[in-house]
Amino acid sequence: MELNPIQNRLIYESSPYLLQHANNPVDWFPWCDEAFDKAMSEDKPVFLSIGYSTCHWCHVMAHESFEDKNIAQMMNVSFVNIKVDREERPDIDSIYMQVCQMYTGGGGWPLTIIMTPDKKPFFAGTYFPKYSIHNRIGMDELINRINDYWHNKREQVVESTDEILALLNNRNKIYSYEPVNISIFERAFKELAFTYDKVHGGFGGKPKFPMPSNLLFLLRYWNRKDDNESLRMVEKTLMEMRKGGIFDHIGFGFHRYSTDEHWLVPHFEKMLYDQALLSIVYTEAYQATKKIEYKKITVEILDYVSRVLMSTEGVFYSAEDADSEGEEGKFYLWTSKEIDEVLGTDSIIFKTIYNIKEEGIFFEETNSSDKIMNIPHLKPSTELLEGYNGIDKLELLNVIEKDLKKLFEAREKRVHPHLDDKILTDWNGLMLAAFARAGAVFGDEMYIKIAKTTAAFFLNKMRTSEGKLLHRYRQAIAGIYGLLDDYAFFIWGLLELYQSSFELSYLKTAIELMNKCIELFWSEENNCFYHTASDSENLITRKIEFFDGAIPSGNSVQLQNLIVLGRMTAEEKYFTRAELLTKAFSESLNKAPTAYSQFLCGYDCFVNSTVEIVIVGGLADERTKALIGTVREFYLPEAVILHKPSDESEIDEISELTRNKTMRDNKPAVYLCRNNVCLEPVDNVEKLKNQFS
């Protein structure tokens, strides 16, 4: 098939991001051997551009430069040009992002790399404008400089690539293996307390990210230490985020991050992984405090995910863009007049409570200068809906609920942001864990049903005949072999689903995938998991990921999975690898504990007290249901929960914990063990509650 003259090779790709660039005049290649062979034969450097479909500044650079015929012509003459979707190929992105950080001290997207035909980088940066401005070099000048460097200073290019490659390989090896000092938990708490914003919640200044892993760690710290300050930090952050503009009060779900310290003006894209991880945090906060508002917020997040991000096959799309009609946030912003037109006489109440101003909160550049825009938010209000002009609080809540529904219906008529409809195994694994956890804690069978549907899809359509996971699915096409995060996050989801449904097949599959992951990703040299499999494409280095950022690292989640499986099965190989993993982390962890907060959640369960719970009895028996419900009332992040349906069961072949455990006088029973000490089995709710108290 020949290309249309206005199209490039990206037209044949599945990625929404690559397809966005299929009509650029830039002669783009996807990442492929053909591109590098062409670069080699023509002695050209490679221009590698990495981004994702909902990235605002990726759109800006595309519009300014990649859609410009003159810049495109310069690029086509000087380079072989490659586009990569970072969400499809996180292995490539991770390596070259590390390169960018080494060159510049920072990173982000769009990521721009100039490299030799053998994939060795010699220049890195992020966004470049079309023309140089404000001390930022423009694309026109950059291309000319690279041309001069490539043709006239080739020896310096070679020296630069050799040096960066040596540094890169050095950073992806572990040289020190020491036990982690138990004081690491106290150090991490103090570091978080130091950066904690007492006024607005969260950590650090602007921009401010939710950082779910930090909040999960603080909940565990509170649980261990009975430290009320750590719980206050979590609760303040969760409520301030929910009140701010970072939360979509009309359609629900959280935006990516706040551009200010107040959680007010967000970067408007919505990512699947944020919804998953934040719903887990709010679910745990509810379990820890029993405050109904945390359950309500979790339900709102999951409502958004089910309504907008769920495919017809019951799995989840990746993201919604920040932009619509070429403007960031346009879908979410309101003028005071627009609120009046939708709500009529109710608008005064709504505008007071949700801080809608005639003058707006910031000026969004539009064609009409009188459009002063607002983001509905509940800040700086300190108490939500405590009454307004004598109106009863319950009545006021009803009014506001009706107003929000009207605004939602009006907003639905707007042009929606672009939906990135590719389906990723790792992010869906997180969402699987979120729905399963919420289903268990809230006793909601619908959530568990959604989790089962998600799991079934991936087990049926995203595994090869050899049992390997695939990474990406779009428009009925599955592809790209799975990376560590795919295995780690999906195993996490399966373990949560087993403990919410007690269907043994999910535990069995989690074990199979863990064993496959060890086979493909474990490094005997470094005592941790590589980011890529042993049979993956041979890139310039084999990356090791430890850092817990917006998404936790695969190694951190695998530590948790190894510990859970080790305790469930009593298989020493899982504990052995977990211990080796903690030693591989030790040097990095001791330098910056809060950069590894998800890892600390797993390490907490490895070195501190543990809880194992076995429930024996038929799931249809109301007495069993009552015991299970009682167990789930308690916040037990250190617990593993197993179910044995009868005195003789298949699970005994998998788990040493369940063996010899039976019903009591033909009654369902719970066996509780703490710190390797088992308590007397109990067969009623009151006795069980006493054991937890």
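Since every read-out is calculated from the coordinates, none of them should be taken as a lab result. Note that the coordinates shown come from a computational prediction; the quantities given were computed from them, not determined experimentally. Glycine gets a Cβ as well: all are built from the backbone with ideal geometry, and neighbour counts include every protein chain shown.
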In range of the label at N147: residues from the stretch 77-93 whose backbone nitrogen is under 17 Å from the point 7 Å along Cα→Cβ: 77-81
Alpha-carbon centroid distance for the pair the stretch 659-693 / the stretch 162-224, whole angstrom: 37 Å
Radius 12 Å from Cβ of N398, net charge of other residues (Lys, Arg +1; Asp, Glu -1): -2
Pairs beyond 32 Å (Cα-Cα), from K190/K661; K190/K573; K337/K379; K208/K357; K449/K644; K83/K357: K190/K661; K190/K573; K83/K357
Inverse of mean 1/r across different Cα pairs in the stretch 611-692, Kirkwood, Å: 12.6 Å
Whole-number percent relative contact order across the stretch 611-692, with pairs defined as alpha carbons under 8 Å at least 6 apart: 38 percent
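Tell me the relative contact order for the chain as a rounded percent, counting alpha carbon contacts under 8 Å between residues six or more apart. Can you show the working numbers first?
Numbers: 1234 pairs, mean separation 74.4, N = 693.
About 11 percent, as a whole number.
What fraction, in whole percent, of alpha-carbon pairs in the stretch 113-172 exceed 14 Å separation? All intermediate terms of the calculation are to be shown ahead of the outcome.
On the way: 1088 of 1770 pairs.
Result for the distance tail: 61 percent.
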Approximate spin-label separation E325-N515, in nm, with each point projected 7 Å along Cα-to-Cβ: 5.7 nm
Estimated inter-spin distance, E653 and D33, nm [label 7 Å along Cα→Cβ]: 4.3 nm
Spatial separation of Cα centroids for the stretch 236-288 and the stretch 390-423, in angstrom: 16 Å
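Could you work out how much longer the chain between K508 and I137 gets when fully extended? Use 0.36 nm per residue separation minus the Cα distance between them, nm to one decimal.
128.1 nm
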Calculated Rg and Dmax of the chain using C-alpha coordinates, Å: 26.4, 87
Full-stretch length increase - N666, A626 - with 0.36 nm per residue and alpha-carbon distance subtracted: 12.8 nm
DSSP beta bridges in the chain [antiparallel fraction, %, rounded to 5]: 75 percent
Set of the stretch 502-518 residues, backbone N closer than 20 Å to the point 7 Å along the Cα-Cβ line of S534: 511-518
Span from the the stretch 1-54 Cα centroid across to the the stretch 81-136 one, whole angstrom: 16 Å
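Apply the a/c threshold of 1.5 to the C-alpha gyration tensor of the stretch 6-137 and tell me whether it is rounded, prolate or oblate. Could you put the intermediate results ahead of the total?
Numbers: a/c = 1.17, a/b = 1.07, b/c = 1.09.
Rounded.
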Pairwise label distance in nanometres, L636 with K413, each label 7 Å out on the Cα-Cβ vector: 5.3 nm
Karplus (6.51, -1.76, 1.60) ³J(HN,Hα), θ = phi - 60°, over the stretch 544-550, in Hz, Gly and Pro reported as x: 10, 10, 10, 4, 9, x, 4
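What is the ratio of the Cα radius of gyration of the stretch 51-201 to 2.2 N^0.38 Å, where N is its residue count, to two decimals?
Values: Rg = 19.5 Å, N = 151, 2.2 N^0.38 = 14.8 Å.
Its radius of gyration relative to the 2.2 N^0.38 Å reference: 1.32.
Out of all Cα-Cα pairs in the stretch 151-190, roughly what percent, to the nearest whole number, are more than 16 Å apart?
Numbers: 492 of 780 pairs.
Tail fraction, whole percent: 63.
Fully extended, how many nm does the chain gain between K687 and S176 (0.36 nm per residue separation, minus their Cα-Cα distance)?
Details: separation 511, 0.36 × 511 = 183.96 nm, distance 4.82 nm.
That works out to 179.1 nm of additional length.
Please find the FRET efficiency linking F194 to K290, where r is the Cβ-Cβ separation and R0 is fixed at 45 Å, and quote it to the nearest 0.05. List each step's numbers first, then the result.
Details: r = 30 Å, r/R0 = 0.66.
For F194 and K290, the calculated efficiency is 0.90.
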Contact order relative to length of the stretch 553-693, as percent, for alpha carbon pairs under 8 angstrom and 6 or more apart: 25 percent
